[in-house]
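Below is one structure, written out as structure tokens; the observations come after it.
The values are calculated or read from the model by the stated rules, or taken from the named source; none is laboratory data. Fair warning: this is a prediction, and the values are worked out from it, not measured in the lab. Here the Cβ positions follow ideal geometry from the backbone for every residue, glycine too, while neighbour counts run over all protein chains shown.
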């Protein structure tokens with residue numbers, strides 16, 4: 001079972017009685033685009049941050065096995081959300097990284113990607 005961030009946002013919005021139009025307004029986007037965001041399993045960090053504040057729920061903790069309060073462990077609400085995700089232990093997350101470079105640096109781009117891939121593999125990540 002893969003965690004679907006769009007579905008989690010929809011559920012939290014419903015719980016908080018927030019409409020799709022309100023979510024769209026918070027992100028400064030249209031209703032149609034908001035539906036696309038919610039149907040997707042990819043979301044920009046800046047969008048997730050705004051929605052976390054609006055819905056008063058830290059979605060980022062769902063991706064973090066360690067709670068920021070150290071040994072106190074996750075909050076009850078986070079534990080409840082994670083328990084829904086732990087039915088099947090395999091979770092896959094996708095993070096997209098944008099690399100900005102100048103034309104002067106274009107010759108080094110291949111070496112950069114190779115090094116990032118090597119480091120990722122050493123840490124157990126699969127880069128695609």
Check residue 68 against each of (1) surrounded by fewer than 16 Cβ atoms within 10 Å (Cβ to Cβ); (2) modelled with pLDDT of 90 or more and name the one condition it does not meet. (2)
Output yes when any residue across segment 96-117 is surrounded by 10 or more Cβ atoms within 10 Å (Cβ to Cβ), at pLDDT below 75 and part of a loop (DSSP other than H, G, I, E, B), and no when none is. no
Exactly one of these conditions fails for residue 61: (1) at pLDDT below 60; (2) in a helix (DSSP H, G or I); (3) surrounded by 12 or more Cβ atoms within 10 Å (Cβ to Cβ). Give me its number. (1)
In segment 1-39, what residues are under 17 Å from residue 53 (Cα atoms) and part of a loop (DSSP other than H, G, I, E, B)? 16, 17, 18, 19, 28, 29
